[in-house]
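The values are calculated or read from the model by the stated rules, or taken from the named source; none is laboratory data. All of these numbers come straight from a predicted model, not from anything done at the bench. Ideal geometry is used to build each Cβ from the backbone, glycine not excepted, and the neighbour counts take in all protein chains shown. Surface accessibility is based on the protein's heavy atoms, side chains included, excluding ligands, DNA and RNA. Shrake-Rupley method; radii C 1.70, N 1.55, O 1.52, S 1.80 Å.
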Amino acid sequence: MRSKKRMLFGVIAASVSDISQRELLLGIIEEAQKNNIDIAVISNIINENCNERKLPFENIIYELIDLPAFDGFIMLSEPFLCEKLRDKIRSLLFHKHVPVVIAGSVLPDFSLPNARLINTSNENDMEEAVDHLIEDHGFTDIDILTGYDSIEASHLRVKGYKKSLEKHGIPFDENKVIYGDFWTESGKKLACEYIEGRRPYPQALVCANDYMAFGLEDEFTERNINVTNLFSFIGFDLSMDRTSHSPLLTSYQFNRKQLGRDAVKILHKKLKLNFDIEFQPPKGKLIHGLSCPCDFSGIDLKEEQVYSRTNIKYMQWGLSSNMDQKITSCRTLEELMQVMGEFQYLVRYVQNIFVCLYENWYEYHPYTLSDNLSCRSIMPWFDTSAFNLRKNSLTDIIMRSESSAAYYFSPLIFDNRLFGYLILKYDNPDSYDYNFKFWIKSFSNGLEFLRLKHDINYLVECQPISKMKDNVTALNNDIGMKKAFDDYAYIHDENKKRFFIMIRCCLFYDDFDDIGKKHRISSILDIAEALKKFTSIISGTCGRINDNTFLCILNAGDVSVGKIEDYFLSFITQCKEYLSFYGIGSFLYCILPFNKTDSYTDLKQKCIQKINLKSDAVFEMRCANHYNQLIEIRNEFYLNPQKEFLTKDLCQKYSFSPSYLRVIYKKFFGVSFIHDCIASRIYKAKYLILTTDLKISEVSDDCGYRDTKYFLRQFHNFTGTTPSQYRMIN
């Protein structure tokens with residue numbers, strides 16, 4: 001790791017192409033460069049607010065917070081709506097022991113002993129905006145359209161509105177407060193209420209953000225009504241989209257740039273002098289438009305027009321370029337780097353672009369990423385020679401520069417695959433725009449396309465083995481299993497029982513497809529291998545009839561359904577690759593005996609119906625309190641059966657009392673947690689006994705028993721046989 005030349009502040013952000021984040025970043029970078037401080041912005045590309053697990057490799061970028069070179073952090077809090085992502089970032093920051101400044105709306109669940117919260121004032125700024133309507137235009141009948149009732153910012157903006165009214169002797173009327181959704185739909189809805197006479201027109205309306213105001217004026221425009229002939233209205237929290245709507249909106253702009261400057265000042269003073277400086281929320285300003293009777297000169301519009309024209313220009317360049325065609329024709333990584341360097345001009349105002357790829361970025365199943373990265377600049381006028389870095393020294397790229405600059409760290413991903421990182425360098429205060437998302441997506445697509453060209457495994461998977469075989473596992477597919485069933489039914493032997501087993505795996509991950517794909521192929525192969533062993537020992541065949549469903553057909557002799565289930569679970573619970581990701585509660589199964597008169601289609605349908613019923617019941621259970629903690633405990637049992645689990649440790653870890661843990665564990669899984677812990681060991685023992693030649697003492701050791709005699713007693717209690725007798729099944 002290189003010695004540091006300057007302080008390095010990390011900025012934790014999301015959606016940095018968004019205008020509100022851009023304003024903060026401009027202030028942060030300006031102030032940092034005044035003090036010769038480097039800035040490293042750690043941000044995802046696509047900010048998924050509803051569920052962070054949908055974009056697991058987008059959000060793995062935040063693990064860079066753990067790099068050792070950072071002197072302090074500034075977190076831009078407003079885009080982090082996902083609770084799980086906030087928890088992840090809080091956990092990473094908690095262990096850093098460096099000062100943190102959180103700039104933006106206060107997050108109630110984001111508390112750190114080393115963090116200081118700063119923000120602009122929703123209340124004061126809204127008060128000033130309403131003052132404008134009253135003092136400059138003489139309005140006294142004013143409605144307010146605010147955001148969700150459940151969001152603090154909505155109520156703070158109403159509070160500022162109320163303060164302005166009361167200051168001017170105007171009675172506050174709760175009926176004039178309308179709660180919306182901070183988006184265009186609530187503006188349209190309010191416009192309809194006005195137009196259709198369900199709500200009287202006010203003299204003026206203040207919308208608590210611009211997008212609700214856009215929805216309102218768009219609805220009036222669509223109905224060919226000149227809204228300003230009826231009442232005036234203003235927006236709040238200025239966006240850069242005013243020129244796309246008519247009339248041009250008057251709006252209030254937060255001073256986010258000053259907030260960014262203040263964040264750097266506070267952090268710098270804390271580090272230099274261990275002193276907390278006083279903070280006053282920076283005051284915003286009114287940006288004039290034509291939606292209220294303001295004197296509009298067009299001066300305030302200049303910045304927005306430049307911003308809009310620049311975005312359009314870069315978008316047109318991107319659409320008219322042949323970058324994607326050139327990318328797909330690349331045969332080597334060197335060619336791809338040259339092509340991306342050729343089209344670097346599509347990334348607005350960037351001074352340098354570094355690509356850092358993991359050594360094993362191209363591997364078929366890169367489940368364990370290397371600690372080493374190969375890095376290079378792709379800018380044609382810089383040295384493009386590759387140099388190696390350890391992941392924990394990734395910030396050494398910053399130390400290569402002689403002067404302070406801003407660096408944006410972004411993940412290079414394709415679907416479930418993390419290739420590495422892209423680092424943009426800006427010598428002047430700036431940030432990338434929305435068009436960069438398309439540029440980096442093309443880069444990632446190019447890496448994946450290049451990887452597949454050299455991936456024999458992928459090429460083999462693309463070739464169907466036969467019309468009766470599954471492409472991924474080489475087991476029978478649905479057609480092959482139908483033929484195998486007909487063959488078993490044809491060979492009729494009254495003395496032998498036949499069993500039809502359906503297994504549905506990878507359940508309850510419909511919302512997590514991106515993360516599930518990471519391990520899906522290896523997990524499917526893991527199950528396939530277990531079922532091949534199972535059916536070879538019990539005498540039968542198996543197949544994969546669709547993406548997550550397997551079938552086994554057994555010609556098992558004089559064996560009960562209970563015994564078949566026991567043997568089956570002994571194999572399926574040893575699928576460690578599968579269980580390590582999906583867990584013990586992610587598969588369901590159905591076992592049916594059949595005879596010569598049963599049809600393949602009918603048996604399959606019966607199994608599907610039974611599994612669907614089980615699935616509904618399990619889904620309800622998953623929604624219950626404590627399920628997540630309990631399934632974690634159960635997964636631990638089956639992933640590490642040789643490990644000793646102490647009740648007091650489990651209770652301490654999950655904050656349960658011993659009696660409560662016993663009650664709820666049995667309620668969920670129908671078995672006591674102690675019995676289940678022992679069962680996980682016995683299942684492993686059965687598997688080893690059936691599939692290996694290990695001595696019984698060796699099996700005992702592998703299953704975590706210190707005393708072979710104790711193992712023999714427990715095994716007999718659970719199975720009714722000795723291990724040697726159990727081995728005779730074959």
**OP:** Report, ordered by the first and then the second residue, all pairs with beta carbons closer than 9 Å, sequence separation of six or more or different chains, a first member in the stretch 187-209 that is closer than 14 Å to Thr228 by Cβ, and a second member that is open to solvent by 30 Å² or more (accessible area, probe 1.4 Å) and in a helix (DSSP H, G or I).
**Re:** Ala191/Asp218; Pro202/Lys176
Subject >> Hits in the stretch 532-579 - residues which are out of contact with any strand residue (DSSP E or B) (no Cβ under 7 Å at 6 or more places or on another chain), open to solvent by less than 10 Å² (accessible area, probe 1.4 Å) and outside any helix (DSSP H, G or I) >> reply: Thr573, Cys575
**OP:** For the stretch 5-26, state whether one or more residues are open to solvent by 30 Å² or more (accessible area, probe 1.4 Å) and polar (S, T, N, Q).
**Re:** no
Original post:
Inside the stretch 637-699, counting only helices (runs of 4 or more DSSP H) that do not spill past its ends, which hold 2 or more residues that are under 16 Å from Phe718 (Cα atoms) and out of contact with any Pro (no Cβ under 7 Å at 6 or more places or on another chain)?
Top reply: 673-691
**OP:** Would you check if there is a residue in the stretch 101-114 being under 17 Å from His268 (Cβ atoms), without any contact (Cβ under 8 Å) to a residue 60 or more places away in the chain and open to solvent by less than 20 Å² (accessible area, probe 1.4 Å)?
**Re:** yes
**OP:** Could you grab me the full set of residues in the stretch 331-357 that are more than 23 Å from Asp396 (Cα to Cα) and of a type in the set (S, T, N, Q)?
**Re:** Thr332, Gln338
**OP:** Looking at (1) assigned to a loop (DSSP other than H, G, I, E, B); (2) modelled with pLDDT under 95, find the lone condition where Pro202 falls short.
**Re:** (2)
Subject >> Residue tally, condition farther than 17 Å from Leu357 by Cα and touching a Pro at 6+ places or on another chain (Cβ under 8 Å), over the stretch 388-414 >> reply: 1
Subject >> Verdict on Phe673 being at pLDDT below 90, aromatic (Phe, Trp, Tyr) and either touching a Gly at 6+ places or on another chain (Cβ under 8 Å) or buried (at least 19 other Cβ atoms within 10 Å of the Cβ) (or both) >> reply: yes
Original post:
Has the stretch 471-486 got at least one residue that is at pLDDT 85 or above, hydroxyl-bearing (Ser, Thr, Tyr) and either over 33 Å from the mean Cα position of the chain (by Cα) or surrounded by 20 or more Cβ atoms within 10 Å (Cβ to Cβ) (or both)?
Top reply: yes
Original post:
Quick one: in the stretch 242-280, which of the residues that are within 35 Å of the chain's Cα centre (by Cα) and in a strand (DSSP E or B) is farthest from Leu145 (Cα to Cα)?
Top reply: Gln253
Subject >> Lone unmet requirement of (1) closer than 21 Å to Gly446 by Cα; (2) in contact with a helix residue (DSSP H, G or I) (Cβ under 8 Å, 6 or more places away or on another chain) for Pro281 >> reply: (1)
Subject >> Residue selected from the stretch 509-549 under the condition modelled with pLDDT under 90 and of a type in the set (Phe, Trp, Tyr), by the criterion farthest from Ile413 (Cα to Cα) >> reply: Tyr509
**OP:** Determine whether the stretch 516-525 contains at least one residue that is over 27 Å from Asn628 (Cβ atoms) and within 27 Å of the chain's Cα centre (by Cα).
**Re:** yes
Original post:
in a strand (DSSP E or B) and either within 23 Å of Trp439 (Cβ to Cβ) or open to solvent by 10 Å² or more (accessible area, probe 1.4 Å) (or both), is that true of Cys356?
Top reply: yes
Original post:
What number of residues within the stretch 580-625 satisfy the criterion of being open to solvent by less than 30 Å² (accessible area, probe 1.4 Å) and more than 11 Å from Phe500 (Cα to Cα)?
Top reply: 10
Subject >> Selected residue (criterion: nearest to Asn311 (Cα to Cα)) from residues of the stretch 248-257 that are surrounded by fewer than 22 Cβ atoms within 10 Å (Cβ to Cβ) and out of contact with any helix residue (DSSP H, G or I) (no Cβ under 6 Å at 6 or more places or on another chain) >> reply: Gln253
Original post:
Do you know which residues across the stretch 90-99 are in contact with a helix residue (DSSP H, G or I) (Cβ under 6 Å, 6 or more places away or on another chain) and within 23 Å of Lys265 (Cβ to Cβ)?
Top reply: Pro99
Original post:
Out of all the residues in the stretch 122-142, is one or more open to solvent by less than 40 Å² (accessible area, probe 1.4 Å), within 30 Å of Leu271 (Cα to Cα) and among the polar types (S, T, N, Q)?
Top reply: yes
**OP:** Would you check which residues across the stretch 412-433 are outside any strand (DSSP E or B), in contact with a Phe, Trp or Tyr (Cβ under 9 Å, 6 or more places away or on another chain) and open to solvent by 10 Å² or more (accessible area, probe 1.4 Å) and list them?
**Re:** Asp415, Asn416, Asn428, Asp430
Subject >> the stretch 369-400: number of residues that are small (Gly, Ala, Ser) and either touching an Asp or Glu at 6+ places or on another chain (Cβ under 8 Å) or assigned to a strand (DSSP E or B) (or both) >> reply: 3
